[in-house]
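Asker: Sharing a structure below in structure tokens format, with a few things to ask.
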Amino acid sequence: MNYEEHFIASAIAGFCRNASSQKQRNNIIDPKELLLSTGASILGGILPDKIEPATNPNHRNFAHSWMTFGLLSLGENILQKNENINPNFKNLLSDVSLGYKTHLLMDATTPKGLPFIGRIS
């Protein structure tokens, strides 16, 4: 997968999640919130290759692993349950996580796939 594919897929994921969430909450779409959410998801979608640049076919280590996917999911679950954190900030972090996990799921479909843990550099 390349930068553009990760960018587009993460944008679509963030846009759809936020539009759906806003529709469920109040049936009105706030374009600013939608744009912020989409941008946060794009950031998450390009982050794995910023952490571990695709300089060779074997670049996938911990940042591109199933373990990281699971830790992001766990962290997001804990974050959402914490009532002391601003709901808007929680949603923003969830959007970054969504973009990151979208990137990992896309990479998982390639012949190299994802390592379970990978090397931590």
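Any read-out appearing in this document is the output of simple, stated calculations on the displayed coordinates, not a laboratory observation. Everything numeric here is computed off the predicted structure, so don't read it as measured data. Cβ atoms come from the backbone with ideal geometry, glycine included; neighbour counts cover every protein chain shown.
Asker: (1) over 12 Å from the mean Cα position of the chain (by Cα); (2) surrounded by 18 or more Cβ atoms within 10 Å (Cβ to Cβ): which one isn't true of ASN56, the others all being true?
Answerer: (2)
Asker: Restricting to the range 86-114, and then to whatever is small (Gly, Ala, Ser) and under 15 Å from the mean Cα position of the chain (by Cα), can you tell me which residue is farthest from PRO48 (Cα to Cα)?
Answerer: Here the residue is SER94.
Asker: Moving on to the next point. Restricting the search to the range 95-108, which residues are touching a residue at least 60 places away in the same chain (Cβ under 8 Å) and either surrounded by fewer than 21 Cβ atoms within 10 Å (Cβ to Cβ) or more than 14 Å from PHE62 (Cα to Cα) (or both)?
Answerer: If the condition is that a residue be touching a residue at least 60 places away in the same chain (Cβ under 8 Å) and either surrounded by fewer than 21 Cβ atoms within 10 Å (Cβ to Cβ) or more than 14 Å from PHE62 (Cα to Cα) (or both), then ASP95, LEU98, GLY99, THR102, MET106, ASP107 are the ones that fit.
Asker: For GLU83, work out the one condition from (1) under 20 Å from ILE117 (Cα atoms); (2) over 17 Å from the mean Cα position of the chain (by Cα) it doesn't fulfil.
Answerer: For GLU83, the exception is condition (1).
Asker: For the range 21-42, what are the residues that are in a helix (DSSP H, G or I) and either surrounded by fewer than 11 Cβ atoms within 10 Å (Cβ to Cβ) or under 12 Å from the mean Cα position of the chain (by Cα) (or both)?
Answerer: Matches in the range 21-42: GLN24, ARG25, ASN26, PRO31, LYS32, SER37, THR38, GLY39, ALA40, SER41, ILE42.
Asker: Taking the condition in a helix (DSSP H, G or I), out of contact with any Gly (no Cβ under 6 Å at 6 or more places or on another chain) and crowded, with 16+ Cβ neighbours inside 10 Å, does LEU72 pass?
Answerer: yes
For every residue, the table says whether it meets (1) out of contact with any Lys or Arg (no Cβ under 8 Å at 6 or more places or on another chain); (2) touching a residue at least 60 places away in the same chain (Cβ under 8 Å); (3) farther than 10 Å from GLY99 by Cα; (4) among the small types (Gly, Ala, Ser).
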| position | (1), (2), (3), (4) |
| --- | --- |
| TYR3 | yes, no, yes, no |
| ILE12 | yes, no, no, no |
| ALA19 | yes, no, yes, yes |
| GLN22 | yes, no, yes, no |
| ARG25 | yes, no, yes, no |
| ILE42 | yes, no, no, no |
